[in-house]
Structures are given as structure tokens and as C-alpha cells.
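Below is one structure, written out as C-alpha cells, with a few remarks after it.
The values are calculated or read from the model by the stated rules, or taken from the named source; none is laboratory data. As the structure is a prediction and not an experimental result, all values here were calculated from the model. Positions of Cβ are backbone-derived with ideal geometry, glycine not excepted, and every protein chain shown enters the neighbour counts. Each accessible area value is taken on the protein alone, full model and side chains, heavy atoms only, with ligands, DNA and RNA left out. Shrake-Rupley method; radii C 1.70, N 1.55, O 1.52, S 1.80 Å.
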Amino acid sequence: MVEAITMAHAWEMQHDPSVVVIGQDVGANGGVFRATVGLQERFGSARVQDTPLAEATIAGMSVGMAAQGLKPVAEIQFMGFMYPALDQIVNHMSRMRHRTRGRLSCPVVIRTPHGGGIHAPEHHSESTETMLCHIPGIRVVCPSSPARAYGLLLASIRDPDPVMFLEPVRLYRAMRQEVVDNGRALPLDACFVLREGTDVTIVTWGAMTLETLRAVAELDKEGVSAEVIDLATLSPIDADTILASVAKTGRLVIVHEAARNVGVGAEIAAIVAEHGLYDLQAPVQRVTGFDTIMPLFRLEQDYIPSVKRIVDAVQLTLID
Amino acid sequence: MQTVAEFKIQYRQILKPDGEAAEPLPEFARDRAEVLRMYRLMTLVRAFDAKAVNLQRTGQLGTFASCLGHEATHVGVGAAMHPGDVLAPVYREYGTQLWRGVTMTEILMYWGGDERGNDFAVPRHDFAWCVPIATQTLHAAGAAMAFKVRNEPRCALAYIGDGGTSEGAFYEALNLAGARALPVVFLVVNNGWAISVPVSAQTAASTLAQKSVAAGIPGVQIDGNDVFAVRQVVGEAVEAARRGAGPCLIEALTYRLSDHTTADDATRYRADAEVKLAWSVEPLLRLRAYVEKAGWWSAAAEQELLRDCARRVDAAVSEYLGTAKQPTDAMFDRLFASIPKHLQEQRLVARKYASKPGGH
């Protein structure tokens, strides 16, 4: 997936001279995950710049650059380091268009690795998308495959408003997939149905699509037909696709790696409670990370929802 | 026009790279036992570091941040501090921590993905490793404020890297320390590189020590490969802080001889010639030259020391590798002083789905 991300950067830089890439170690080093490898060589050190080691700097300068006509694609090295940038994101990036009545805007993409599962050190495995989803005025996107990473990153860069682009670290090198470098974006604000089914709807995103699809394969053997929806844009949520699916299946399971409390899963459950309650034949189930700190890596597999937990949750919705 | 302020930054080196004195030696440098204690720990740290990198390469440790090349700075700081002072480390200051009583096993457990590595048996009051860059400088300032409020003759010392000086928290800590005359020392380890970004790309300032000027506190630059200079200058700074003379910023010039961490590949962004040059002034060489010239050391003593270091490192590695992982309850039991109801319920779920217990 990481190559698809590099490819999307390169396509857009080639076709839009206002696109610039900034971040820590994005230049000669090509990013710590190599997501920007080769870009500085190809597009020069004015358009691909290492910043000083300061996340507030990265977000704040993005606001300034974007308001004056550039399209910064900024990398925050790990999600756990994003917090110094939040002041700029919450108080400026997300509000610029609104508070100037459209006079200024912030077409910024902030990319950051998301989630755990790769034996990384402390503060390198967080999935705190909920904090971002609660901020009005920004989009939050999380791809689940190389092709979606390519198409959604292009869409995010082209979008006239700020997008937080969360890249699941477990997927960076998890799968090989041919991605056509044709510059075609995928839609934002839209879910992707990864697999159609009739008995239960499972909504998930990012790296949890891996465990979910494995759980669905097991459920298949037991004669359970699950529909799998990749949320893709975590904010704003494409409610129509989810509600249509629940209307068909009558059951909903939500799977996410992030903590349960006030998680994006709670928002999805609330949407279905508000607009699809009478379609439900069983209570909604959530399979999530625990409401505790992401543990250091010896216990991280006990934190990340397992295939078995997903299967059991689906079975719970099927009890008559 | 008139000049209303100016500054100058002084540089201190006591031992030159060849082991000769650059200025009159401090008293501790005449103390054979004390100097050899520093030399032995620097050697142990280097042996430990090499072993830890090797454990990572063979899949027995997670990502590890090597301290190769930083031994003089780290051990010199350890020797200068008092046990009652508080250390706020970054994540590779093993020499300081070992001097203060942290164990190699604890260091390995942290990088081996186990929170118990942060639960130092000694010293209980030091801060744990700090990955979010520069945040620890404010903790040290806060600790210093606690000492000041309680009128205790103690000080705090915060490490920070050259890259970390770009973060806002660093300037906020300096400012607070200056404005309230706090008993805190900021030790900037300038090893030239913040992962792939050289210090020249972090700042237009010719020294990092001069970052102190705007905060109104003293700043000094030292040779961070010279354990005598580190011990002497840090010793003066912590002593001044303890007696209420206020904070200080010390920039120690050294070099990161390793990759940033085992997840990094420094050959992608820095020249071999630069690294080779840095090896010619590395800290162990000069202290060894000094102790040999003093007649305190021999080839046989060196061999015995290396054997002893290997034994101690191996014992720590065995203890680390023999430690079973924590039960899933560990995710819940220390989040709050007492466990709220919803976490008690989630703890049961975690137990039910726990993967099998195991070693590394």
C-alpha cells in the first residue's frame, strides 16, 4: 500500500504544481515508512521539504501555505505525535473557510500512520480517529487497500477542504495489489461494499478489514452470509449505504481497533438507531479495542479485536 | 543606535581527543576509582548497546534506540547528578540511567514491548522514557517547581535532542524555568541528526546553547565526547540549581554513530566520511588514552573488563528473555488507581479472548 501512496503523491504533483509535500524526514529519507520516497529527487527540495521537528509547525505552516494558494500534503510521522498539531487543526484549519465566509480556505491533507500491530515502540500504535472525527470542518479518511489508498489520497488532495488521511500501518506492506496509475480518484464521503451478504452487516475500516474478512470466511463455512462495508470516510459518514444494508440484513456489527468509548462505532450505532431501528432484528454489536491505553507490543494482539471476537459478535446477533 | 543586549556562548573541553588535558584537570579526574568507574560504565553501556541491537536483529527485541557515541555525555551526567535529583530522559540515555540504578533488564523490557520496563526499582522518582519529543522538558520544569515550592535542595535535569529544540514545548520550558528561576538543567544532546534531518536544517542558530539567551538563562556548549567536561559543567549546573541560582542550558556536542533506531537506515541520508570522522573522536578512545597515560589501565585490565561486561549483559538478557509476558489484566489494572465498572467488564472480555502466554 505504501507504494500506492507514493504513486498518488507523484501523480498529483506532476499534474498540479500547487501540490507540495512537507513533514519530518520526507525528503532524502523518503519518510520513515518510505511513503514519499523519490519525490524530492523528482520534484525538488522546494516542493518536497523536510520541516523542523515540530508538529505544530507542520500543521500551522500548512494553514498558511494553503490559505495562500498551495496544496500542502503534510506527513505527521505517527498518529501519537499529532497532538501538538491539534491546536492548528481545531482552531484554524477546520474553521478557516467558515469564519472567513469562504474568503480563505485550507485545502490541506495531513497524512499519518494509524493503528498498531507492527511491534512498534510506545506512542507509535495509536488509533485516535475519534478525536479528529469530532472536529467540524475536516474530513477523516482511512483506506483499506492499495487501490483505495491511491484513489482516496488523490481525492483528498483534490478536495478543497482539509482531510486527515489515516494510513493503517499494518497494511503498508501487508498485501500486493496491482494499482493502475491513471490519476483516477475514488469518491470521498462514500462507503465501499467489500462483500455482499444477506444475514448481517459488518461495518469496519482500515486494517480491521483484514480480521473482518477472515471472520466472514469462517462465518461462510457456518452458512452465515455477511455483508462487509468499508467505511473509508470516517467523517462525514455515508449513512445511506449503511442504512440500506441494514434494511436488507436486519443485523449490524461494527468493528474497530480504536477504543470503544465514544468511538466512531458509537456514531454508526446511533445513526442506525435513529433511522433504521425498525429494520433491526437484533441489538447492534460493537467489537472494538478496549478503553485502555494501547499496550506495548507484547500485549497488542490482545488489544486488537481478534477474528474470534468478531465471529462471536456476529453469532450473538443471530440468536433467535 | 545603542546596543541593548548582546550574548556570547562559551565552549568547554577538558580532555582533548588524544586524552591530553585541554585545561587544568578537575579534582575528580585525579581520583583513580572515580575515573575508572566512569570508564567501566561507558564500556558496559557500549557492550549492552551492541547486544540490544543484535537482539533486535534476531527478532528478540522490538525497535531499539541505540546510544552508540553518546556514552561520555550520558555517563558524565549520571556522575554529576545526585540520587535525589530527578531525571527526565528522552529514550536513549542508558548511561545516565544505569549510573542512577536503572537495570539493563528494565531497559530491554521496555524496548521488548513490556510496560514493566518503566517501573524502575531504582530510582523510583525518575521519569520514564519519553517518546513524544520535547514534552519531558516541561515535566522537568514542573518537578523543579515542586522542589522550589517545598523548598527542597534538589534539581531536575531534562535531556532533549537537537531535533527536539524545534518543538514549542522546549521553548516554553526554557521560558518558564527562566521566569521562575527554577532548579532545572536542560541538557541538549546535539548528535548532529534528528533521524535524517541535520541540525543545520532545524535552525539558523550557530549553537543550540544560545537558545537559552532569549529565555534569560545561562547557556554553555561542551564537548559531549569528553566525559570530564560533561561531569564538570553539569556538576556546576546542578549544584547551582540546588542552591537556588536558577536554571541552565547545556549543549553537549556529540555524534550519533548508530542509525536513529534499528528501524532506520542512516546510509540513506548521511555520508560515510562524516561517520568515519566521528569515530576518530568517539568518547571511549580518549578516556582510555587518559587512564593508560595515568598508569591506571592495562591491556589485561581491558580484557577482564570486556569479559565482565559480557557476563553482566548476558545475565540481563537471560533475565529479560526469561520473563513471561504480562496477563491481559495488565492492560486494565494500572489505568486508574481503582478500576471502574466498565473496565472490569472489559477485563473479563480480554481474559476470555487472550492469546496464549509466552516469552519472546
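From largest accessible area down, sort B:Phe336, A:Phe192; use a 1.4 Å probe on the protein chains.
Heavy-atom accessible area, descending, gives B:Phe336, A:Phe192.
What does a probe at B:Ala33 reach in region B:297-313, counting residues whose amide N is under 18 Å from the point 7 Å along Cα→Cβ?
From region B:297-313, the list is B:297.
Under 5 Å between amide hydrogens, which residues at least 5 positions from B:Ile222 or on another chain qualify, with H placed 1.01 Å from N in the peptide plane?
B:Arg12, B:Glu251, B:Ala252, B:Leu253
Among B:Lys325/B:Lys356; B:Lys51/B:Lys293; B:Lys8/B:Lys148, which pairs are too far apart, with a Cα-Cα distance over 18 Å?
B:Lys51/B:Lys293; B:Lys8/B:Lys148
When the helices in chain A are scored as -39500 (n - 2.57) per DSSP H run of 4 or longer and the sum is shared across all residues, what 222 nm value do you end up with, to the nearest 500 deg cm²/dmol?
-10500 deg cm²/dmol
Suppose R0 equals 30 Å. What FRET efficiency, 1/(1 + (r/R0)^6) with r the Cβ-Cβ distance, do A:Ser18 and B:Ser200 give to the nearest 0.05?
0.60
Rounded to the nearest 20 debye, what is the charge dipole size of chain A about its Cα centre when +1 sits on each Lys and Arg Cβ and -1 on each Asp and Glu Cβ?
Dipole magnitude for chain A comes out near 700 debye.
Any idea what log10 I(q)/I(0) is at q = 0.09, 0.11, 0.14, 0.15 Å⁻¹ for chain A, Debye with uniform C-alpha scatterers and no solvent?
Debye output, listed in q order: -0.44, -0.66, -1.05, -1.18.
At 1.4 Å probe size, put B:Trp99, B:Trp129 in order of accessible surface, largest to smallest.
Numbers: B:Trp99 45, B:Trp129 15 Å².
Largest accessible area first, the residues go B:Trp99, B:Trp129.
How large is the accessible surface of A:Arg195 in square angstrom, using a 1.4 angstrom probe and rounding to the nearest 10?
Accessible surface of A:Arg195 is approximately 60 Å².
In Å², rounded to the nearest 100, what is the total accessible surface buried by chains A and B against each other with a 1.4 Å probe?
Summing both chains' loss of accessible area gives about 3300 Å².
Along each of its three principal axes, how wide is the spread of alpha-carbon positions in region A:98-215, in whole angstrom units, largest first?
Taking max minus min along each principal axis of the Cα atoms, region A:98-215 gives 48, 36, 33 Å.
Would you compute, from DSSP H runs of 4+ residues alone, the mean residue ellipticity of chain B at 222 nm, taking -39500 (n - 2.57) per run and dividing by the full residue count, rounded to the nearest 500?
Helices in chain B give a 222 nm mean residue ellipticity of -13500 deg cm²/dmol.
How would A:Glu55, A:Glu126 rank on accessible area, largest to smallest, probe 1.4 Å?
A:Glu126, A:Glu55
Using only alpha-carbon positions, what ratio does the radius of gyration of region A:2-171 give when scaled by 2.2 N^0.38 Å?
0.94
Pull up all non-local amide H partners of A:Asp50: gap of 5 or more, or a different chain, and H-to-H distance under 5 Å with H placed in the peptide plane.
A:Gly27
Just order A:209-217, B:25-33 by mean Cβ neighbour count inside 10 Å, highest at the front, would you?
Descending mean neighbour count gives A:209-217, B:25-33.
Taking the Cβ of A:Val253 as the center, what net charge do the other residues with Cβ under 13 Å away carry, scoring Lys and Arg +1 and Asp and Glu -1?
-1
Of all the Cα-Cα pairs you can form in the protein assembly as shown, what percent are over 44 Å apart? Let's see the in-between values first.
Working: 64042 of 230860 pairs.
Summing the P(r) of the protein assembly as shown above 44 Å gives 28 percent of all pairs.
What does the charge dipole of region A:112-229 about its Cα centre add up to, to the nearest 20 debye, if the Cβ of each Lys and Arg holds +1 and the Cβ of each Asp and Glu holds -1?
Here region A:112-229 has a charge dipole of around 340 debye.
Could you list which residues have their amide H under 5 Å from that of A:Ile202, counting only those 5 or more apart in sequence or on another chain, with H placed in the peptide plane?
For A:Ile202, whose amide H was placed from the backbone, the distant partners under 5 Å are A:Glu227, A:Val228, A:Ile229, A:Val253.
Compute accessible area for region A:101-140 by itself and then with all protein chains, 1.4 Å probe, and report residues whose area falls by 50 Å² or more.
A:Pro121, A:Glu122
Using Cα positions and a limit of under 19 Å, work out the aspartates and glutamates in reach of B:Lys211, with same-chain residues fewer than 8 apart set aside.
B:Glu6, B:Asp162, B:Glu167, B:Glu172, B:Asp223, B:Glu251
Would you calculate the separation in nanometres between label points at B:Ala300 and B:Lys276, each defined as 7 Å from the Cα along the Cα-to-beta-carbon direction?
For B:Ala300 paired with B:Lys276, the spin-label model returns 3.8 nm.
Diagonalise the Cα gyration tensor of region A:192-318 and give the resulting equivalent ellipsoid semi-axes, square root of 5 times each eigenvalue, largest first, whole Å.
22, 17, 13
Select from B:Met38, B:Pro26, B:Ala50 the residue farthest towards the positive end of the dipole of region B:1-117; place +1 on Cβ of Lys and Arg, -1 on Cβ of Asp and Glu, and compute about the Cα centre.
Towards the positive end, the residue furthest out is B:Ala50.
Using only the alpha carbon atoms of region B:114-178, find the Kirkwood hydrodynamic radius as the inverse mean reciprocal pair distance, in angstroms to one decimal.
After inverting the pairwise mean of 1/r, the radius is 12.9 Å.
Calculate what fraction, in whole %, of the accessible area of the protein assembly as shown sits on carbon and sulfur atoms when a 1.4 Å probe is rolled over the protein chains.
Of the solvent-accessible surface of the protein assembly as shown, carbon and sulfur hold 53 percent.
Based on the Cα gyration tensor of chain B, what are the three equivalent ellipsoid semi-axes, each the root of five times an eigenvalue, rounded to whole Å and given largest first? Working shown, then result.
Values: eigenvalues 222, 151, 81 Å².
Working through the eigenvalues yields semi-axes of 33, 27, 20 Å.
Leaving ligands, DNA and RNA out of it, work out the accessible area of A:Met1 with a 1.4 Å probe and give it in Å² to the nearest 10.
Approximately 10 Å² for this residue.
Over chain A, what is the relative contact order in percent, taking alpha-carbon pairs closer than 8 angstrom and at least six residues apart?
On the way: 708 pairs, mean separation 49.4, N = 320.
With pairs under 8 Å counted, the relative contact order is 15 percent.
Roughly how large, in nm² to one decimal, is the mean projection of the convex hull of the alpha-carbon atoms in region B:256-311? Please list the in-between numbers first.
Values: hull surface 21.2 nm².
Mean projected area of the Cα convex hull: 5.3 nm².
How about region B:50-65: which of its residues lose at least 10 Å² of accessible area in the presence of all protein chains relative to their chain isolated, using a 1.4 Å probe?
So the qualifying set is B:Gly62, B:Thr63.
For B:106-113, what's the mean count of beta carbons from other chains sitting within 10 Å of each residue's beta carbon?
For peptide B:106-113, the averaged partner shielding equals 3.
Could you work out the relative contact order of region B:23-121? I mean the mean sequence separation of Cα pairs under 8 Å and 6+ apart, divided by the number of residues, in percent.
Over region B:23-121, the number comes to 24 percent.
Among A:Asp16, A:Asp159, A:Asp238, which one shows the biggest mean-square fluctuation in a GNM of chain A, springs joining Cα atoms closer than 10 Å?
The residue with the greatest mean-square fluctuation here is A:Asp16.
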